[in-house]
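Only one structure is covered here, and it is reproduced in the block below.
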Amino acid sequence: MAFEHLTGQLHFWYYQAKPDQRHAPRRIEPGIEEIEVIVSGRGYFEVAGEVIDAGPGSSLWYQPGDKVIVTAHESDPYETIVFHFSVTRRPDIVPPSYSTWAETGDCVRFCRRTFELFKMAVKLSPAEVVSLYARLFWESQEYLRRGVQEQLPASLRRVQMLIEKQFTDDLNIDRLAEEAGISSSHLHLLFRRYLDTSPAQFLIQQRMVKAQDILAHSGLTVKEVCYAVGFRDFPYFCARFKRHTGLSPSAYRRRFQV
């Protein structure tokens, strides 16, 4: 099971800072992993000796024992939602202490709707807690991947862009390889070497993220969502979605629909 260090317990904090407000240093307690996400404004976050000017869509990831010092922006103080995960140990893959979401709007919607669940006293199951952690973790890894884009071979970047823009199409490996101007086997090798995945898995990941967004923000039926993101086999879509999020598409909608 992924993220085995999680206990299934999650709490939230919400905070709106005052202009130029400086907080006393605090240290993350043992057994706690925090992800502080900025939804508006700006703040200066000092983590591990590095000061970060963080704005909307920024994630600060704290591990047990980390010392955190925060000062709000003098004219645009930050508003933050903190995901407070209970853990048994450090994660196998430690996310970056700072990252940004690719789409600020997606970040703000995700944080606000999950915080609404907390305010409504909705009890999240361990699977749902893992699903929330997985989305935050995915965004942090996407940030790292974006940072190395310039180091990727041009052929691989072309295929990435094609998948991200046309993920609803029937994109088979031969078409992708032709777009890249290389053989299918070479394309597989590039994906494994630089992205640690396969072209097929990368395509499915793009479809899953879009499916989550549509389920949360539209009235389409689950079957319509399946077809809208490029799947043609409905049972397969449902099985892959549950594997990806820990929830069935219907359960995900009930929890996170805005």
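The values are calculated or read from the model by the stated rules, or taken from the named source; none is laboratory data. For clarity, every value in this text was computed on a predicted model and none was experimentally measured. Because the Cβ atoms are built from the backbone with ideal geometry, glycine has one as well, and the counts that use them run over all protein chains shown. Surface accessibility is based on the protein's heavy atoms, side chains included, excluding ligands, DNA and RNA. Shrake-Rupley method; radii C 1.70, N 1.55, O 1.52, S 1.80 Å.
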With contacts defined as alpha carbon pairs under 8 Å and 6 or more residues apart, what's the relative contact order of the chain in percent?
17
Answer in debye to the nearest 20: the dipole magnitude of the stretch 1-142 about its Cα centre, from +1 Lys/Arg and -1 Asp/Glu charges placed on Cβ, is 440
Give the relative contact order (percent, whole number) for the stretch 75-216; include only Cα pairs under 8 Å separated by 6+ residues.
20
In deg cm²/dmol, rounded to 500, what helix-only [θ] at 222 nm does the chain give when every DSSP H run of at least 4 residues adds -39500 (n - 2.57) and the total is split over its residues?
-13500 deg cm²/dmol
Go ahead and run the numbers for FRET between Asp174 and Phe234, Cβ-Cβ distance against an R0 of 30 Å, rounding to 0.05.
0.75
Under the span-like rule (Cα at least 24 Å along the axis, Kyte-Doolittle mean at least -1.0), DSSP H helices of the chain
126-147, 199-217
Please work out how much length the chain gains when fully extended from Gln205 to Ala154, using 0.36 nm per residue of separation minus the C-alpha to C-alpha distance, in nm with one decimal.
16.2 nm
Give me the extension gain from Ile69 to Asp53: residue separation times 0.36 nm, minus the current Cα-Cα distance, reported in nm with one decimal.
4.5 nm
Projected label distance in nm at Ser40 and Ser185, using a 7 Å step from Cα toward the beta-carbon
5.7
Provide Arg90, Arg193, Arg157 ordered by accessible surface of protein heavy atoms (probe 1.4 Å), highest first.
Arg193, Arg90, Arg157
Between Arg89 and Glu164, what is the spin-label point distance in nm, taking each point 7 Å from the Cα along the Cα→C-beta axis?
3.5
